[in-house]
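The values are calculated or read from the model by the stated rules, or taken from the named source; none is laboratory data. Just so we're clear, the structure is a prediction, and the values are computed from it rather than from any experiment. Here the Cβ positions follow ideal geometry from the backbone for every residue, glycine too, while neighbour counts run over all protein chains shown. Ligands, DNA and RNA are excluded from the accessible area calculation, which covers all protein heavy atoms including side chains. Shrake-Rupley method; radii C 1.70, N 1.55, O 1.52, S 1.80 Å.
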Amino acid sequence: MSLILGIDLGTTNSLVGVVDSGFPILLADEEGQRLTPSAVNYAADGSIIVGAAALRKRALEPKRTVTSVKRLIGRRSGEGDWKPPYQLSEIGTTPLQVSAEILKRLKAIAERALEQTVSRAVITVPAYFNDAQRNATKQAGELAGLTVERIVSEPTAAALAYGLDKLSERQKIAVYDLGGGTFDISVLEMREGVFQVLSTAGDTQLGGDDIDRALAQHLCPAGADPVRFVEVAEVAKKRLSTEDSTRIDLPFYDGTNSLSVELSLAEFEKMMRPFIERTRGHCLRALNDAGVKADELDAVILVGGSTRIPLVRRYVAEIFGREPDISQNPDEAVALGAVIQAGILSGSLKNVLLLDVTPLSLGIETFGGLMNTIIPRNTTIPCKAGEMFTNAVANQQDMLIRVLQGERELAKDNWELGRVVVPFPAGAKGSARVGVQFAIDANGILQVLARDTATNTDTLLEIQNTAVDVDDERVEQMISESVEYAIEDMNERIWTEAKLKAEELLPAVDAALIQFGDAVSDEERLIIETAASHVRASLHADVHDAKALKAANQLLDDATQELAVRLVERAMEESLVRRGLL
Ligand code: ADP
Ligand code: MG
């Protein structure tokens with residue numbers, strides 16, 4: 001039985017542990033530290049330092065010291081709202097390689113503590129990480145010489161750490177995770193050893209760093225550079241988690257001037273309150289998405305270093321109407337959960353099963369540019385779902401399948417994960433049968449399979465290679481926009497459907513009028529033509545009025561009702577005559 005490490009690869013801090021004789025433990029480095037800062041320094045001579053030592057070099061070598069690289073991993077070229085103070089291209093490395101350095105260091109810490117080599121690991125990622133980000137994390141592990149057995153969402157890991165001794169109970173819990181740079185809130189259900197994430201929400205640009213920067217700004221005398229004050233701000237912030245006031249001293253910060261001020265807890269709380277209040281909306285949404293009322297929760301678990309802040313604890317109590325559970329060490333809960341998951345996989349812990357959910361809906365674009373959801377948001381993974389599609393136009397020879405992720409009604413407003421062209425034999429409209437199947441594995445990685453059922457030809461879409469150009473914040477934005485634009489989107493969807501119907505109806509009516517000629521009375525013809533002209537006017541109007549077009553379609557439908565009946569009757573008559581039955 002080989003050991004599997006549990007790793008919390010954090011934005012700010014990382015930890016590693018293992019199940020030892022049935023107990024999950026976290027491993028310390030040579031200095032007795034279990035927390036390894038997620039910082040990597042690349043010295044000019046080519047040497048690489050990871051952890052606290054790298055962090056100490058940051059002030060002197062800001063361009064050579066990489067921090068918060070988790071914000072960059074799995075994105076196309078480092079675009080996004082977050083601008084790092086370093087240039088990875090100048091250093092000659094990539095987010096994946098930097099993450100691999102951190103993982104190598106954690107592996108070394110574990111091997112030293114365990115006195116044996118280890119090559120397997122479970123790594124946690126934020127619940128909001130998309131496919132590309134999960135994959136990049138997995139690859140970083142492999143680059144560090146680790147076989148990544150499982151990628152687990154951080155809140156799920158935290159819940160596992162909390163719930164290990166409550167396996168026989170049935171509980172609904174919320175995990176409130178406020179770390180260095182990100183905020184995550186998830187609602188989970190635990191039942192007979194099964195952990196299921198019911199919903200997840202958060203803000204990928206909100207955490208202790210924001211508080212440090214705001215405090216630095218607050219402390220910074222006019223004309224000075226606030227960056228110089230970030231470090232003392234963080235120290236002061238941490239002291240104010242246990243003290244009522246603190247003295248901040250920074251002598252000769254620019255060579256001549258010194259800073260020495262007293263900061264009271266009240267003053268500090270007033271300053272940071274707006275940041276903490278930003279978590280409220282996400283909490284309410286997560287509850288709403290899970291269909292759980294705050295008073296139905298059995299516990300609200302706090303994790304992430306920033307939940308040591310007393311104001312955060314009071315505010316969480318206010319949001320959920322109960323005192324939060326602080327039984328978990330906020331810095332270690334996620335790592336401990338990763339260790340437990342690793343223990344389950346290696347067989348040293350039993351009777352627990354993990355179920356995660358998809359953070360955003362997955363689907364494909366259908367005719368008319370609409371989003372057709374195949375796997376809805378918050379579906380438990382692993383999962384598999386599919387649908388059958390056909391050709392919208394006669395003699396079509398292939399179908400373009402665009403795989404989309406997002407909550408909006410129109411394909412163009414969602415993100416494209418990949419595309420593939422599925423060929424099939426040309427035929428009449430509606431003759432093709434293309435099955436599209438989506439499968440998400442336990443790591444949250446998507447595979448898309450398209451099958452032409454006539455020829456049984458399969459096309460496999462490699463989503464992995466299509467790094468999604470999405471910054472974390474936009475996942476969050478996508479969900480809020482889907483709510484914001486719901487009415488507008490619905491209008492566009494009804495419009496598109498009405499437009500497709502009108503485009504089918506108009507030529508059919510024209511053809512019928514020609515075919516019937518004299519059999520249609522002048523009065524009937526006038527009514528039909530008027531109705532048709534209304535449809536055309538609506539269809540070509542500058543403003544897309546979905547309701548008006550739908551109503552016009554309906555009128556044209558009504559006006560041609562009798563004509564349609566006669567058309568059918570005549571067709572039947574003709575067919576009977578042809579077959580010599582009349
Ligand atoms: P991440 O998950 O982003 O790696 P952590 O959970 O390790 O982050 O949290 C790091 C953050 O917690 C930092 O912003 C740090 O300043 C903050 N933090 C740690 N200890 C305390 C404390 N005692 N009081 C307030 N903030 C703290
Ligand atoms: Mg964390």
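Quick check on this structure: which one of 384, 412 is assigned to a strand (DSSP E or B) and not aliphatic (A, V, I, L, M)?
After ruling out the rest, the residue left standing is 384.
Among 252, 268, which is the only one that is open to solvent by less than 60 Å² (accessible area, probe 1.4 Å), outside the structural domain of residue 60 (by TED's automatic domain parsing) and of a type in the set (Phe, Trp, Tyr)?
Every option except 268 fails the conditions.
Here is a check on your reading of the model: is residue 297 open to solvent by less than 70 Å² (accessible area, probe 1.4 Å), outside the structural domain of residue 126 (by TED's automatic domain parsing) and over 30 Å from residue 245 (Cβ atoms)?
yes
Give me the pairs, please: first residue somewhere in the range 98-120 and open to solvent by less than 50 Å² (accessible area, probe 1.4 Å), second residue anywhere and of a type in the set (Asp, Glu) and at pLDDT 95 or above, beta-carbon distance under 8 Å, and either six or more positions apart or on two chains.
Pairs that qualify, where the first residue is open to solvent by less than 50 Å² (accessible area, probe 1.4 Å) and the partner is of a type in the set (Asp, Glu) and at pLDDT 95 or above, are 118/111.
Working only within the range 149-164, note down all residues that are under 11 Å from residue 6 (Cα atoms) and open to solvent by 10 Å² or more (accessible area, probe 1.4 Å).
Once the filter is applied, which keeps residues that are under 11 Å from residue 6 (Cα atoms) and open to solvent by 10 Å² or more (accessible area, probe 1.4 Å), the range 149-164 yields 149, 150.
Do the conditions hold for residue 260, that is, is it of a type in the set (Gly, Ala, Ser), under 26 Å from residue 223 (Cβ atoms), away from ligand 1 (no atom under 14 Å from the Cβ) and surrounded by fewer than 16 Cβ atoms within 10 Å (Cβ to Cβ)?
yes
Would the range 206-221 turn up any residue that is away from ligand 2 (no atom under 15 Å from the Cβ), farther than 24 Å from residue 82 by Cβ and not assigned by TED's automatic domain parsing to the domain that holds residue 127?
Looking for residues that are away from ligand 2 (no atom under 15 Å from the Cβ), farther than 24 Å from residue 82 by Cβ and not assigned by TED's automatic domain parsing to the domain that holds residue 127, one finds at least one in the range 206-221, hence yes.
Given the structure, is residue 183 aromatic (Phe, Trp, Tyr), open to solvent by less than 10 Å² (accessible area, probe 1.4 Å) and in contact (Cβ under 8 Å) with a residue 40 or more places away in the chain?
yes
Scan the range 438-464 for residues that are within 28 Å of residue 359 (Cβ to Cβ) and open to solvent by less than 70 Å² (accessible area, probe 1.4 Å) and report the count.
Matching residues across the range 438-464 total 16.
Is the range 373-384 home to any residue that is open to solvent by 30 Å² or more (accessible area, probe 1.4 Å), more than 30 Å from residue 406 (Cβ to Cβ) and modelled with pLDDT under 90?
no
Taking the options 391, 414, name whichever one is touching a strand residue (DSSP E or B) at 6+ places or on another chain (Cβ under 6 Å), open to solvent by less than 30 Å² (accessible area, probe 1.4 Å) and touching a residue at least 40 places away in the same chain (Cβ under 8 Å).
One residue alone meets the criteria, 414.
Which one is nearest to residue 318 (Cα to Cα), of the residues in the range 271-294 that are buried (at least 20 other Cβ atoms within 10 Å of the Cβ) and small (Gly, Ala, Ser)?
The extreme case among them is 286.
Residue by residue through the range 226-242, note down the ones that are open to solvent by less than 80 Å² (accessible area, probe 1.4 Å), assigned to a loop (DSSP other than H, G, I, E, B) and of a type outside the set (A, V, I, L, M).
Selection gives 241 alone.
Out of 127, 201, which single residue is open to solvent by less than 30 Å² (accessible area, probe 1.4 Å), within 15 Å of ligand 2 (Cβ to nearest atom) and touching a residue at least 24 places away in the same chain (Cβ under 8 Å)?
Result: 127 is the single residue among 127, 201 that is open to solvent by less than 30 Å² (accessible area, probe 1.4 Å), within 15 Å of ligand 2 (Cβ to nearest atom) and touching a residue at least 24 places away in the same chain (Cβ under 8 Å).
For the range 173-180, check the following and say yes or no: at least one residue is within 12 Å of ligand 2 (Cβ to nearest atom), part of a helix (DSSP H, G or I), at pLDDT 90 or above and under 18 Å from residue 122 (Cβ atoms).
Checked against the condition, which is being within 12 Å of ligand 2 (Cβ to nearest atom), part of a helix (DSSP H, G or I), at pLDDT 90 or above and under 18 Å from residue 122 (Cβ atoms), the range 173-180 yields no hits at all.
Restricting the first residue to the range 7-31 and requiring it to be farther than 18 Å from residue 101 by Cα, which pairs with a second residue that is surrounded by fewer than 17 Cβ atoms within 10 Å (Cβ to Cβ) meet a Cβ separation below 7 Å and a spacing of at least six or different chains?
Partner pairs satisfying both residue conditions: 18/25; 18/114.
Among the residues of the range 530-552, write down those that are open to solvent by 90 Å² or more (accessible area, probe 1.4 Å) and either on the phi > 0 side of the Ramachandran plot or of a type in the set (D, E, K, R) (or both).
542, 547, 550
Can you say whether residue 252 is in contact (Cβ under 8 Å) with a residue 60 or more places away in the chain, aromatic (Phe, Trp, Tyr) and more than 16 Å from ligand 1 (Cβ to nearest atom), as far as the supplied structure shows?
Judged against the criteria, residue 252 is not a match.
Looking at the range 9-25 only, could you name the residues that are open to solvent by 20 Å² or more (accessible area, probe 1.4 Å) and either within 16 Å of ligand 2 (Cβ to nearest atom) or within 28 Å of residue 183 (Cα to Cα) (or both)?
Selection gives 12, 13, 24, 25.
Quick one: count up the residues across the range 511-524 that are in contact (Cβ under 8 Å) with a residue 12 or more places away in the chain and exposed (fewer than 15 other Cβ atoms within 10 Å of the Cβ).
Residues that pass the stated criteria total 2.
Just for strands (runs of 3 or more DSSP E) wholly inside the range 1-41: which have at least 3 residues that are within 16 Å of ligand 1 (Cβ to nearest atom)?
Counting at least 3 such residues, we get 5-9, 13-20.
How many residues does the range 300-334 contain that are buried (at least 20 other Cβ atoms within 10 Å of the Cβ) and over 26 Å from the mean Cα position of the chain (by Cα)?
Counting residues in the range 300-334 that are buried (at least 20 other Cβ atoms within 10 Å of the Cβ) and over 26 Å from the mean Cα position of the chain (by Cα) gives 1.
Could you check how many residues of the range 316-330 are within 16 Å of ligand 1 (Cβ to nearest atom) and touching a Lys or Arg at 6+ places or on another chain (Cβ under 8 Å)?
Adding up the residues that qualify gives 3.
Taking only pairs six or more apart or across chains, which ones have beta-carbon atoms under 9 Å, a first residue in the range 228-243 that is of a type in the set (Ser, Thr, Tyr), and a second residue that is more than 8 Å from ligand 1 (Cβ to nearest atom) and open to solvent by less than 80 Å² (accessible area, probe 1.4 Å)?
241/310; 242/310
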